[in-house]
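See structure below.
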Amino acid sequence: MNEPLAERYLSLLKKSLLNELYIENEVRIHNFMMQIMFPKATTLEKLIHEFLTAGTSELGNTLRTMRSEGSWLMTVVNDENGNPVEVKEARNFAFVPHTMIGRARLDNLQECMHAVLADNVAGDFIETGVWKGGSTIFMRGFLKAHDVTDRKVWVADSFAGLPEPSHPEDDGVDLSANTMPYLAISEAEVRELFNRYELLDEQVVFLKGWFRDTLPAAPIDKLAVLRLDGDLYESTMDALNHLYHKLSPGGFVVVDDYNALPQCERAVTDFRARYDIRDHIERIDKVSVYWRKA
């Protein structure tokens, strides 16, 4: 694939993973649900009109802005009488798109992979904590677009949600399938999405299980991009402990929830202090950061 076509393909792939192509339908669904939850005395004709025009409404523009920043839903805060009084954004909830990371983080991932190829940094790509697999699908699409056949994409996840908190730093933060079944996406569903994008092949390797069990023995030689999205202190630390030493000089570490979840930031801070890592941390958006290994 020549360079202009490669970039056009990757641009379209990002739009598809983010559901930017049909975002007006998400706004319509959201508007319809709001009408169900908070019915208004109005005519059927007006309800139909609101449904059809919601995609170009102020609500639509707000959702588009939130999507670019990695925020996905608007939640309604009610007063004591159940009346809606405030609308807030809910970060990282995406029922229609195939990734929760937003435009800025996908752009950052592309920039990191471009730099790796340009500077001949050896190694594969991995994400630890993949949800529906959107980021790893994009990684594989990037390799396909640039005709790279000597790197793999590692898809590491329990495919059963997050573990129950077992580390002191994670006390009180239960994101397991018991409380957040929404985050528990099966391996079969992720594989099906890879297949739907025509990107499921021998360069995609699944690592199923808790990180503490799968990462120590993972047959990974070198990494060029290490993307962490494990949320918890334990999950983040497991990934760093078992994978950072495999990251080639010039490779990238991307931490999805660094500024969103204190326990994630603490794991990164503790790890960097332990090994005297002084590479500058760069901000991607409101919640995510990355650094390049010296």
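Below, the figures for the structure above:
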quantity: In the stretch 183-203, residue surrounded by the fewest Cβ atoms within 10 Å (Cβ to Cβ) [restricted to those that are closer than 27 Å to E234 by Cβ and in contact with a Phe, Trp or Tyr (Cβ under 6 Å, 6 or more places away or on another chain)]; calculated: S186
quantity: Hits in the stretch 225-261 - residues which are at positive phi and part of a strand (DSSP E or B); calculated: G250
quantity: Within the stretch 262-273, considering residues that are surrounded by fewer than 17 Cβ atoms within 10 Å (Cβ to Cβ) and closer than 15 Å to Y244 by Cβ, the one farthest from the chain's Cα centre (by Cα); calculated: A273
quantity: Flag if V254 is β-branched (V, I, T), touching a Lys or Arg at 6+ places or on another chain (Cβ under 9 Å) and in contact (Cβ under 8 Å) with a residue 12 or more places away in the chain; calculated: yes
quantity: Flag if E282 is crowded, with 17+ Cβ neighbours inside 10 Å, in contact with a Phe, Trp or Tyr (Cβ under 8 Å, 6 or more places away or on another chain) and free of Cβ contacts under 8 Å to residues at least 24 places away in the same chain; calculated: no
quantity: Filter result for D276 (in the same structural domain as D174 (by TED's automatic domain parsing), surrounded by fewer than 16 Cβ atoms within 10 Å (Cβ to Cβ) and assigned to a helix (DSSP H, G or I)); calculated: no
quantity: Search result, residues across the stretch 168-182 that are assigned to a loop (DSSP other than H, G, I, E, B) and either touching a strand residue (DSSP E or B) at 6+ places or on another chain (Cβ under 9 Å) or buried (at least 17 other Cβ atoms within 10 Å of the Cβ) (or both); calculated: V173, D174, L175, A177, M180
quantity: Verdict on A188 being at pLDDT 95 or above and among the small types (G, A, S); calculated: yes
quantity: Single condition A217 does not satisfy, out of (1) modelled with pLDDT under 95; (2) under 18 Å from the mean Cα position of the chain (by Cα); calculated: (2)
quantity: Flag if V153 is within 25 Å of D231 (Cα to Cα), free of Cβ contacts under 8 Å to residues at least 60 places away in the same chain and either in contact with a Gly (Cβ under 6 Å, 6 or more places away or on another chain) or not charged (D, E, K, R) (or both); calculated: yes
quantity: Residue match in the stretch 196-203 (condition: closer than 18 Å to T136 by Cβ and outside any loop (DSSP other than H, G, I, E, B)); calculated: yes
quantity: Hits in the stretch 97-156 - residues which are modelled with pLDDT under 95, in a helix (DSSP H, G or I) and buried (at least 24 other Cβ atoms within 10 Å of the Cβ); calculated: G102
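The values are calculated or read from the model by the stated rules, or taken from the named source; none is laboratory data. A quick note: this is a predicted structure, and the numbers were derived from the prediction, not measured. Neighbour counts are summed over all protein chains in view; Cβ atoms, including those assigned to glycine, are modelled from backbone coordinates with ideal geometry.
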